[in-house]
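The values are calculated or read from the model by the stated rules, or taken from the named source; none is laboratory data. Model, not experiment: these values are computed from the prediction. Quick reminder, even Gly has a Cβ in these numbers, built from the backbone with ideal geometry, and neighbours come from all protein chains shown. When the accessible area is computed, the model is the full protein with side chains, heavy atoms only, and any ligands, DNA or RNA have been set aside. Shrake-Rupley method; radii C 1.70, N 1.55, O 1.52, S 1.80 Å.
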Amino acid sequence: MDIKKRALELKAEVVANRRWLHQHPELGFRLDQTVAFVKEKLTEYGYTPVDCGNHGVTATVGGRHGGKCVLIRADMDALPMKEESGLPFAAACDGAAHTCGHDTHTAMLLGAAKILKEMEDELPGTVKLMFQPAEEIMTGAKSMVEDGILENPHVDAALGTHIMALLPAGQLHYAVGPMFASCDMFTITIHGHGGHGSQPQNTVDPIAVGAHLVTALQTINAREVAPGAVAVLTIGCFQAGAASNIIPASAKLMGSIRTFDPEVRVLVKQRLADITEGTVKTFRAEADLVFDSETAAVSTDPETVRLMGDAMKQILGEDMVFDNLPPFSGSEDFAFVTQEVPSGFFAIGGAPEDWPALPQHNPKIRFHEDAFVSGVAAYVGGALAWLEAHR
Ligand SMILES: [Zn+2]
Ligand SMILES: [Zn+2]
């Protein structure tokens, strides 16, 4: 089959599916309408969709002649914000918007599913579809992995994608090695001893302790991480107190750590714990440190990503696929899959026409619908090439 030609023929259908999804954004694990839509389309295309994890959907195609299994994944969740794209199919509600483009991923994977079903007899193995919830809160892929998405049949390799409005429409870009940073989100609660603002000697002031702690944590980057290594530690929230004459009993700090190297990640997390414990003890306070989510970095497997990238080049043209994408300091919870199986990951260029190219999560973001043809072809071509090479 000419995969690019078939993807072009299906473009109108992929666009229609994406526009419906775009108009009906849902958050996190609360994806009832989205999941119903995905299952309805998969059933229409001849699949038997199965629930997996919390509001995840999976289905398989092929495997009639045995062979290995490759997983291809799309995420389905939107963001809690108001859309300002001005598009005629903009979100129908104010509380959620597809400003990361996960609606496009879902529609592209549905398009790929349709083509793969048409080729089912010739598939040299099994393709497993993964429609995941809650990527934005870094817990959706984990819920599907814990529910067994990587088994029955066992997944031997995986392929993920993300549309990017800052890259030229239809181009595919990948990195050999690190591609997305790890992300560890944490909350520190400092327990002091509250009292009257005029009598600090009778209190343990958690605000003063928290201020010392925020400053002390900056030394992890400045003094402990090697100059060539990458680590970001951000305190994004410091909450305490309610009045000028009350020393509060507690303070809350929330932050995140990003790294690319697993050893640097371990170091930063350990020093965060040590410095927190030592600093609060110095000032007679106590603290609880809780990691709210822990997501590893996404690193592509060199052999897998090159094999898939070369196949995409053959389908879309030499001038459409690039292997020198610099790593992003953002994160991807597809890491829960890439940690387990060799994986490829591709950024799909989606820069719009007659509209500024904006970063993900911008309320005005738009994507070029021509990008969907490349996305569909990337899913089908990448999966097929991997199965053929490992038949
Ligand atoms: Zn996002
Ligand atoms: Zn995203």
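Evaluate the charge dipole of the chain about its Cα centre and quote only its size in Debye, nearest 20, assuming +1 on the Cβ of each Lys and Arg and -1 on the Cβ of each Asp and Glu.
400 debye
For a quick check of understanding: with a 1.4 angstrom probe and all protein chains in place, what accessible area in square angstrom does GLU136 have, to the nearest ten?
Roll a 1.4 Å probe over it and GLU136 shows about 40 Å².
Taking amide H positions as placed in the peptide plane 1.01 Å from N, state which residues far from MET81 in sequence (5 or more) or on other chains have amide H under 5 Å from it.
Placed amide hydrogens put ALA96, ALA97 under 5 Å from MET81.
How many angstrom separate the Cα center of the range 98-122 from the Cα center of the range 128-165?
Computed from Cα coordinates, the inter-centre distance equals 14 Å.
Hey, how many Å between the Cα centroid of the range 181-225 and the Cα centroid of the range 31-72?
So the separation of the two Cα centres works out to 47 Å.
Using only Cα atoms, tell me the angle between helix 206-219 and the longest principal axis of the chain; keep it within 0 to 90° and round to the nearest 10.
60 degrees
Keeping the other protein chains in place, figure out the carbon and sulfur percent of the accessible area of the range 236-311, with a 1.4 Å probe.
50 percent
Ignoring ligands and nucleic acids, what accessible area does MET108 show with a 1.4 Å probe (Å², nearest 10)?
0 Å²
In Å², and per residue, what accessible area does the range 30-92 have when probed at 1.4 Å with the other protein chains present?
That works out to 44 Å² per residue.
Tabulate in residue order the Karplus-calculated ³J(HN,Hα) for the range 318-324, using 6.51 cos²θ - 1.76 cosθ + 1.60 with θ = phi - 60°, rounded to whole Hz; enter x for Gly and Pro.
Result, rounded to whole Hz: 4, 7, 10, 10, 10, 10, 10.
Which of the aspartates and glutamates could a cross-linker span from LYS313 if the Cα-Cα distance has to be under 12 Å and same-chain partners fewer than 8 positions apart are dropped?
Cα-Cα hits under 12 Å: ASP323.
Pairs to check: LYS4/LYS117; LYS39/LYS128; LYS11/LYS142. Give those whose C-alpha atoms are more than 21 Å from each other in this structure.
LYS11/LYS142
Counting only heavy atoms of the protein chains, get the accessible area per residue of the range 224-349 (1.4 Å probe) and round it to a whole Å² value.
Accessible area per residue: 50 Å².
Name the long-range amide H neighbours of LEU27: under 5 Å, sequence gap of 5 or more, or other chain; modelled H, no Pro or chain starts.
Amide H neighbours of LEU27, under 5 Å, 5+ apart: ALA78.
Compare ASP156, ASP354, ASP94, ASP261 by solvent-accessible area with a 1.4 Å probe and give them largest first, with all protein chains kept in place.
Most to least solvent-accessible, the answer reads ASP354, ASP94, ASP261, ASP156.
Once you sort the root eigenvalues of the Cα gyration tensor of the range 291-333 as a ≥ b ≥ c, which label holds: rounded (a/c under 1.5), prolate (a/b larger than b/c) or oblate (the other case)?
Prolate shape, in that a/c is at least 1.5 and a/b is the bigger ratio.
Would you work out which of THR106, MET164, LEU150 lies farthest towards the positive end of the dipole of the range 104-168, given +1 charges on the beta-carbon of Lys and Arg and -1 on that of Asp and Glu, about the Cα centre?
MET164
Once you order the gyration tensor axes a ≥ b ≥ c over the Cα atoms, which shape class does the range 1-80 get: rounded for a/c under 1.5, otherwise prolate or oblate by comparing a/b with b/c?
oblate
Sort all Cα-Cα distances of the range 94-193 into consecutive 10 angstrom bins from zero, then give the percent of pairs in each bin up to the one containing the longest distance.
10, 31, 37, 14, 5, 2, 1, 0
Need one number: % antiparallel among DSSP beta bridges in the chain, to the nearest 5.
Close to 65 percent.
What residues qualify as long-range amide H neighbours of PHE328, i.e. H under 5 Å apart, gap of 5 or more or another chain, H built at 1.01 Å from N?
PHE180, ALA181
Consider just the alpha-carbon atoms of the chain and return their Rg together with their Dmax, both in angstrom.
23.3, 80
Over the range 82-198, what percent of the accessible surface lies on carbon and sulfur atoms, probe 1.4 Å?
54 percent
Please turn the phi angles of the range 267-281 into ³J(HN,Hα) values with the Karplus equation 6.51 cos²θ - 1.76 cosθ + 1.60 (θ = phi - 60°), one per residue in order, whole Hz, x for glycine and proline.
4, 5, 5, 5, 5, 4, 5, 5, 5, 4, 4, x, 5, 5, 5
Excluding ALA16 itself, what net charge comes from residues whose Cβ is under 14 Å from its Cβ, given Lys and Arg +1 and Asp and Glu -1?
In short, -1.
Would you tell me the accessible area of HIS162, worked out with a 1.4 angstrom probe on the heavy atoms of the protein chains, in Å² to the nearest 10?
10 Å²
Among VAL225, ILE348, ILE275, whose Cα lies farthest out toward the positive end of the dipole of the chain, if unit charges sit on the beta carbon of Lys, Arg (+1) and Asp, Glu (-1)?
Farthest towards the positive pole: ILE275.
Please report the base-10 log of the normalised intensity I(q)/I(0) for the range 192-312, using a Debye sum with one equal scatterer per alpha carbon and no solvent, at each q in 0.23 (1/Å).
Relative scattering, expressed as log10 I(q)/I(0), comes to -1.27.
Using θ = phi - 60° and the Karplus relation 6.51 cos²θ - 1.76 cosθ + 1.60, list the HN-Hα couplings for the range 375-391 in order, rounded to whole Hz, with x at every Gly or Pro.
Running phi through 6.51 cos²θ - 1.76 cosθ + 1.60 with θ = phi - 60° gives x, 4, 5, 5, 4, 5, x, x, 5, 5, 4, 5, 5, 5, 6, 10, 5 Hz.
To the nearest 20 Debye, how big is the dipole of the range 210-356 about its Cα centre, given +1 on the beta carbon of each Lys and Arg and -1 on that of each Asp and Glu?
That gives a dipole near 920 debye.
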